[in-house]
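These notes are about the structure you will find just below.
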Amino acid sequence: MRIDTHVHWSSEEGYVDRLVEAERRLGFDKVCLNGAVWAAHREANDEVAAAAARRPDAIVGFAYFRLGAWGPERVRELHDQGFRGLKFIRPPARYDDRAFYPVYEAAEELRLVAQFHTGIVARTPTDREHDIDNERHRQIYLDTIARAFPSLKIVGAHLGNPWYEEAGMACRWNPNLYFDLSGSSLKKRPPEFFQSILWWTEEGQYRDPEGRHAWEKVVFGSDVAIEQIGDVVNDYQRTMDAIGLPPPLQEAVFGNTMAKLLGLDT
Ligand SMILES: [Zn+2]
């Protein structure tokens, strides 16, 4: 099973069908489509829910979740609307602010995948108005959440760019914390760099607590326009080939790991 875990909604005409067609051409079975549309300062959750209902063969709905404004009852509503994951970005306080814990608790209970933007986010002209503070996006806060909610399935986007080392160690110590490599990292960093951050294997004293290889904690996410998804696939492929990752691990990255998190058959 191949899954693109990180695609944002677009209101372009015919977007969903074009997306599904492009992903299928690239060999993907499913797309996690999220309702976070920052440029328009709104969430497109209803549109994503409709797309997931219309194309259940291909679209897995992730709702944009407004931390600080919404509580656990909203998590339940979104779950009942058919969403399988929640997308968190630009929070009004650190991700691990204890005021957000009831939200994470509900997501854990309902087995929703929690997808967090991590690292420095794109700049916009309204950042002051929206009180954008990138420090709130640090991976160490996902480490806190992962320890507090051991059954919550957490995916951090962008491997925490530029706080990669923090992301790597948080990922190693928390069995329920995963990362995607979307963003500029695969363009600017050589394969050896990823090897140095994602360095542990299944064996030995310094292994992951569950004995998993580092790349079993990595998922494929594109986070780009339809036309550029193939380019991101190539970037992942080139990096994994260069470090000699065996084919079963590559397939885990390209979708089997996320399928397990979503409770889908691989
Ligand atoms: Zn995103």
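D97 falls short on exactly one of the conditions (1) surrounded by 18 or more Cβ atoms within 10 Å (Cβ to Cβ); (2) within 19 Å of W70 (Cα to Cα); (3) charged (D, E, K, R), and that condition is (1). The residues listed here are E43, E77; of these, the one that is acidic (D, E) and within 15 Å of the ligand (Cβ to nearest atom) is E43. Of all residue pairs spaced 6 or more apart or on separate chains, those with beta-carbon atoms under 6 Å, a first member in region 5-28 that is touching a residue at least 60 places away in the same chain (Cβ under 8 Å) and over 23 Å from N256 (Cα atoms) and a second member that is within 16 Å of the ligand (Cβ to nearest atom) and not in a loop (DSSP other than H, G, I, E, B) are R18/I226. Of everything in region 82-107 that is out of contact with any Gly (no Cβ under 9 Å at 6 or more places or on another chain), closer than 23 Å to C32 by Cβ and among the aromatic types (F, W, Y), the residue that is farthest from the ligand (Cβ to nearest atom) is Y104.
Of everything listed in (1) part of a helix (DSSP H, G or I); (2) within 16 Å of the ligand (Cβ to nearest atom); (3) in contact with a Ser or Thr (Cβ under 9 Å, 6 or more places away or on another chain), the single unmet condition for V48 is (3). The set of residues in region 175-190 being buried (at least 20 other Cβ atoms within 10 Å of the Cβ) and within 16 Å of the ligand (Cβ to nearest atom) consists of Y178, F179, D180, L181, S182, G183, S185, L186. The set of residues from region 123-136 being in contact (Cβ under 8 Å) with a residue 24 or more places away in the chain, among the charged types (D, E, K, R) and more than 16 Å from the ligand (Cβ to nearest atom) comprises D131, E135. The condition of being more than 16 Å from the ligand (Cβ to nearest atom) and either closer than 25 Å to A114 by Cα or surrounded by fewer than 16 Cβ atoms within 10 Å (Cβ to Cβ) (or both) holds for only one of F193, F220, that being F193. Within this structure, E227 passes the test of being more than 16 Å from the ligand (Cβ to nearest atom), within 22 Å of L19 (Cα to Cα) and of a type in the set (D, E).
Applying a threshold of 6 Å to beta carbon distances and a minimum spacing of six or more residues, or different chains, the list of pairs starting in region 63-83 at a residue that is free of Cβ contacts under 8 Å to residues at least 60 places away in the same chain and assigned to a loop (DSSP other than H, G, I, E, B) and ending at one that is surrounded by fewer than 22 Cβ atoms within 10 Å (Cβ to Cβ) and among the hydrophobic types (A, V, I, L, M, F, W, C) reads Q81/A49; G82/A49. For region 111-142, a residue qualifies if it is β-branched (V, I, T) and exposed (fewer than 15 other Cβ atoms within 10 Å of the Cβ), and the qualifying residues are T124, T126.
Close Cβ contacts (under 9 Å, 6 or more residues apart or on different chains) running from residues in region 211-227 that are closer than 20 Å to L33 by Cβ to residues that are away from the ligand (no atom under 16 Å from the Cβ) and basic (K, R) comprise F220/R2; I226/R18. Within the set A157, A167, the sole residue that is touching an Asp or Glu at 6+ places or on another chain (Cβ under 8 Å), crowded, with 24+ Cβ neighbours inside 10 Å and modelled with pLDDT of 95 or more turns out to be A157. Scan region 144-154 for residues that are assigned to a helix (DSSP H, G or I) and either surrounded by 22 or more Cβ atoms within 10 Å (Cβ to Cβ) or in contact (Cβ under 8 Å) with a residue 40 or more places away in the chain (or both) and the total you get is 4. Here L19 fits the description: of a type in the set (A, V, I, L, M), over 18 Å from V121 (Cα atoms), modelled with pLDDT of 95 or more and within 15 Å of the ligand (Cβ to nearest atom).
A residue that is more than 14 Å from the ligand (Cβ to nearest atom) and part of a helix (DSSP H, G or I) occurs somewhere in region 108-122. Kindly indicate which of Y95, Y15 is aromatic (F, W, Y) and more than 18 Å from the chain's Cα centre (by Cα). On inspection, the qualifying residue turns out to be Y15.
The values are calculated or read from the model by the stated rules, or taken from the named source; none is laboratory data. Worth saying up front: this structure is predicted, and the values here are computed from it rather than measured. Reconstructed Cβ throughout: ideal geometry from the backbone, glycine too, with neighbour counts over all protein chains shown.
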